[in-house]
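The structure appears below as structure tokens.
The values are calculated or read from the model by the stated rules, or taken from the named source; none is laboratory data. Model, not experiment: these values are computed from the prediction. Reconstructed Cβ throughout: ideal geometry from the backbone, glycine too, with neighbour counts over all protein chains shown. All accessible areas refer to the heavy atoms of the entire protein, side chains included, with ligands and DNA or RNA removed. Shrake-Rupley method; radii C 1.70, N 1.55, O 1.52, S 1.80 Å.
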Amino acid sequence: MYTTEISRGNPTCFLFLIDQSGSMEDPFGGESSGSKAQAVADAINRLLQNLVLRCAKAEGIRDYFHVGVIGYGAKVGPAFGGDLAGESLVPISVIGDRPLMIEERMQKVPDGAGGVVEQAVKFPVWFEPLAKGPTPMKQALKKAEGILSDWLNAHPDCFPPIAINISDGEPTDGDPSQVAETIMQLESSDGRVLLFNLHLSSSKAPPVEFPDTNDNLPDEFARLLYEMSSVLPEKIRLEAESEGFKVSDESRGFIFNSDMVKVIQFLDIGTRATNLR
Amino acid sequence: MKLISSLFTIPKRGSVPSENEDFYFQHDAEISRDHQTVAIADGASEGFLSKLWSKILTVSYVNFDRTDLDIRQFTDFCIDVYEHQRERYVQRRTEKNNPLKWFEENLMAKGSFSTLLGVSFSNSTPEGGYWRSISVGDSCLFQIRESVIESFPMNDSSAFGNSPELISSNPAYNQDLESKVKVKTGSFLFGDSFYLMTDAVANWFITQNAEGKRPWAILEELLETDGLKDYVNHLRGEGSLKNDDVTIARVKLAED
């Protein structure tokens, strides 16, 4: 299970569910600078960039992945902007070709002599922060279930799709557990869909990464998202381990209150597939 | 001394030949020299212009043709060549009204990456001579005389991973290059076979050899009968060969 090669002939899909409720305007991790919505938008844009770079060759971008972003807040639906507005799942080559805008940002890179230098790099933006309305997580998961079912019908032998839900964890439209369970039961011939959760709480509770129990989670929402998270398959578990996370065979794809560096690491590990062919 | 060689290369399943990022190079085999050099390189698949970089490394290695190669000096030379060609590539794209896209610029800023394995043979005795090989990464050299008498730099299947050592076209990633270089020397007799292989097939070769299955005999026969393509597809199908670019070069040295 979870061993199928991801190829242009047999791509997989990543689906991100982004909480865009009013509470996402609160500062990130109790810090004063920047809202959770802004931090998440940055993380998703960075991840989309990394996914494009992983698939880009001199002759163009290879469609190893199809990617979707569903926002949930004042409304529930596809959250890409610009040319991609309204699209549920988009081939990575189309994503690469059509960012909303391209900013120039300074990045620290090794200088070749043991130090670092700042270098200007292009920072494409596909997804802009939004924080308005309630938290209809159940409805968003229902939408995801439909998109993933359709994908699996068309790609029955793909590497199992990965869905990552990013939220501050207080659903306002009822208990989403049942829908989450249904998503985690969807499967290709290579295994079940993986659902991971990233909980950005407004509390100052200490971070928890890839837990294998809900014992140390501070509130019911954290425990709810933990229960809605898949156990990491071996390959992803080993990736997490090699990046210094403490993991066990029962570790779940869940992180709580981590800093932004860990959030980006989590997204990267969660979507890493070494079997690109 | 003459070089007698056979080359087989095939891209990973699902790719076309132009996407094959392995590269093997040698001088014209017909020309007799008392010193011969060949090289193989495997361009990293998650990189940009990897094929160009693996080609520059192998061609330069063969053209340097030195047994006392200074890896730092050599890499600096290759980076100069790469930069020149990269600039021409960018210029051509601009002239064709197809300037680099944001992702190409970002990847290009990072650079290209490749393994390299080169080997030089010197004819120093009536029966043969000595060889010296330099390697960065997991491309392999095997020397066969009745059985495998040298396996370099890998000799155990478990040593192959997903992150081999690589030479970069970006000096920032070559800081500890010297520590990545492995060197091996040996002697040869005319009639010995040397196989240079990229990692996937080298891993298969080492596994087969460890099981006592004489994989060089299989390759020897299939190289003669053009049967390697079908065999590689068969091995990929049964899962005993990772789906990766495959390059196999067999080199024999012969008296004039």
Task: Those residues of the range A:235-245 which are farther than 13 Å from A:Asp268 by Cβ and in contact with a Phe, Trp or Tyr (Cβ under 7 Å, 6 or more places away or on another chain), in sequence order - done: A:Lys235
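Does B:Arg13 count as farther than 24 Å from B:Val90 by Cα, in a loop (DSSP other than H, G, I, E, B) and more than 10 Å from every other protein chain (Cβ to nearest Cβ)? Quick ask: steps written out before the conclusion?
Working: farther than 24 Å from B:Val90 by Cα: yes; in a loop (DSSP other than H, G, I, E, B): yes; more than 10 Å from every other protein chain (Cβ to nearest Cβ): no.
Taking the combined requirement at face value, the residue does not satisfy it.
Which of the residues that make up the range B:87-102 are surrounded by 10 or more Cβ atoms within 10 Å (Cβ to Cβ), free of Cβ contacts under 8 Å to residues at least 40 places away in the same chain and part of a helix (DSSP H, G or I)?
B:Glu87, B:Arg88, B:Val90, B:Gln91, B:Arg92, B:Arg93, B:Thr94, B:Trp102
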Open item on the list: Given (1) within 27 Å of A:Met137 (Cβ to Cβ); (2) of a type in the set (Val, Ile, Thr); (3) within 14 Å of chain B (Cβ to nearest Cβ), identify the lone condition not met by A:Ile61.
Closed with: (1)
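Answer yes or no: is there a residue in the range B:60-73 that is under 13 Å from the mean Cα position of the chain (by Cα), under 20 Å from B:Pro171 (Cβ atoms) and either of a type in the set (Asp, Glu) or assigned to a helix (DSSP H, G or I) (or both).
Start the filter on the range B:60-73 by keeping residues that are under 13 Å from the mean Cα position of the chain (by Cα), which leaves B:60-62.
Among the residues that remain, those that are also under 20 Å from B:Pro171 (Cβ atoms) are: B:60-61.
Within this subset, residues satisfying the condition of being either of a type in the set (Asp, Glu) or assigned to a helix (DSSP H, G or I) (or both) are B:60-61.
So far as the range B:60-73 goes, yes, one or more of its residues are under 13 Å from the mean Cα position of the chain (by Cα), under 20 Å from B:Pro171 (Cβ atoms) and either of a type in the set (Asp, Glu) or assigned to a helix (DSSP H, G or I) (or both).
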Open item on the list: Report every pair of residues separated by at least 6 positions or lying on different chains whose Cβ atoms are under 8 Å apart, first residue within the range A:238-254 and within 23 Å of B:Gly161 (Cβ to Cβ) and aliphatic (A, V, I, L, M), second open to solvent by 50 Å² or more (accessible area, probe 1.4 Å) and in a helix (DSSP H, G or I).
Closed with: A:Val247/A:Glu241
Open item on the list: Which residue is least open to solvent (accessible area, probe 1.4 Å), if the candidates are limited to the range A:238-267 and must be modelled with pLDDT of 90 or more and of a type in the set (Lys, Arg)?
Closed with: A:Arg252
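Let's see how each residue does on (1) away from chain A (no Cβ under 14 Å); (2) under 18 Å from B:Ser133 (Cβ atoms); (3) touching a helix residue (DSSP H, G or I) at 6+ places or on another chain (Cβ under 7 Å); (4) among the polar types (S, T, N, Q):
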| position | (1), (2), (3), (4) |
| --- | --- |
| B:Glu150 | yes, yes, no, no |
| B:Asn155 | yes, yes, yes, yes |
| B:Leu166 | yes, yes, no, no |
| B:Ser169 | no, no, yes, yes |
| B:Tyr173 | no, no, no, no |
| B:Val181 | yes, yes, yes, no |
| B:Leu189 | yes, yes, no, no |
| B:Asp192 | yes, yes, no, no |
- [ ] Go through the range A:127-177 and give me each residue that's β-branched (Val, Ile, Thr) and either in contact with a helix residue (DSSP H, G or I) (Cβ under 8 Å, 6 or more places away or on another chain) or assigned to a loop (DSSP other than H, G, I, E, B) (or both).
- [x] A:Thr135, A:Ile162, A:Ile164, A:Ile166, A:Thr172
- [ ] Could you check A:Asp97 against (1) surrounded by fewer than 20 Cβ atoms within 10 Å (Cβ to Cβ); (2) touching a strand residue (DSSP E or B) at 6+ places or on another chain (Cβ under 7 Å); (3) within 14 Å of another protein chain (Cβ to nearest Cβ) and say which number it fails?
- [x] (2)
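Check the range A:117-127 and report whether any residue there is of a type in the set (Lys, Arg), without any contact (Cβ under 8 Å) to a residue 40 or more places away in the chain and more than 9 Å from chain B (Cβ to nearest Cβ). I'd like the intermediate steps shown before the answer.
First pass over the range A:117-127, keeping only residues of a type in the set (Lys, Arg): A:122.
Adding the requirement that they be without any contact (Cβ under 8 Å) to a residue 40 or more places away in the chain leaves A:122.
Remaining after also requiring more than 9 Å from chain B (Cβ to nearest Cβ): none.
Scanning the range A:117-127 turns up no residue that is of a type in the set (Lys, Arg), without any contact (Cβ under 8 Å) to a residue 40 or more places away in the chain and more than 9 Å from chain B (Cβ to nearest Cβ).
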Task: Scan of the range B:46-81 for residues that are surrounded by fewer than 22 Cβ atoms within 10 Å (Cβ to Cβ), aromatic (Phe, Trp, Tyr) and within 14 Å of chain A (Cβ to nearest Cβ), ordered by number - done: none
Task: Evaluation of B:Phe25 against (1) within 17 Å of B:Phe113 (Cα to Cα); (2) buried (at least 21 other Cβ atoms within 10 Å of the Cβ); (3) among the hydrophobic types (A, V, I, L, M, F, W, C) (one fails), failing number - done: (1)
Task: Wholly enclosed helices (runs of 4 or more DSSP H) of the range B:169-256 bearing at least 1 residues buried (at least 19 other Cβ atoms within 10 Å of the Cβ) - done: B:199-210, B:215-225, B:228-238
Task: Lone unmet requirement of (1) at pLDDT below 85; (2) more than 9 Å from chain A (Cβ to nearest Cβ); (3) surrounded by 19 or more Cβ atoms within 10 Å (Cβ to Cβ) for B:Gly43 - done: (1)
- [ ] Would you mind telling me which numbered condition in (1) open to solvent by 10 Å² or more (accessible area, probe 1.4 Å); (2) within 14 Å of chain A (Cβ to nearest Cβ); (3) over 23 Å from B:Tyr173 (Cα atoms) B:Asn20 fails?
- [x] (1)
TODO: Among the residues of the range B:143-168, count how many are assigned to a loop (DSSP other than H, G, I, E, B), within 22 Å of B:Pro215 (Cα to Cα) and open to solvent by less than 70 Å² (accessible area, probe 1.4 Å).
DONE: 4
Open item on the list: Please pick out the residue among A:Leu15, A:Leu84, A:Leu89, A:Leu53 that is of a type in the set (A, V, I, L, M, F, W, C) and within 14 Å of another protein chain (Cβ to nearest Cβ).
Closed with: A:Leu53
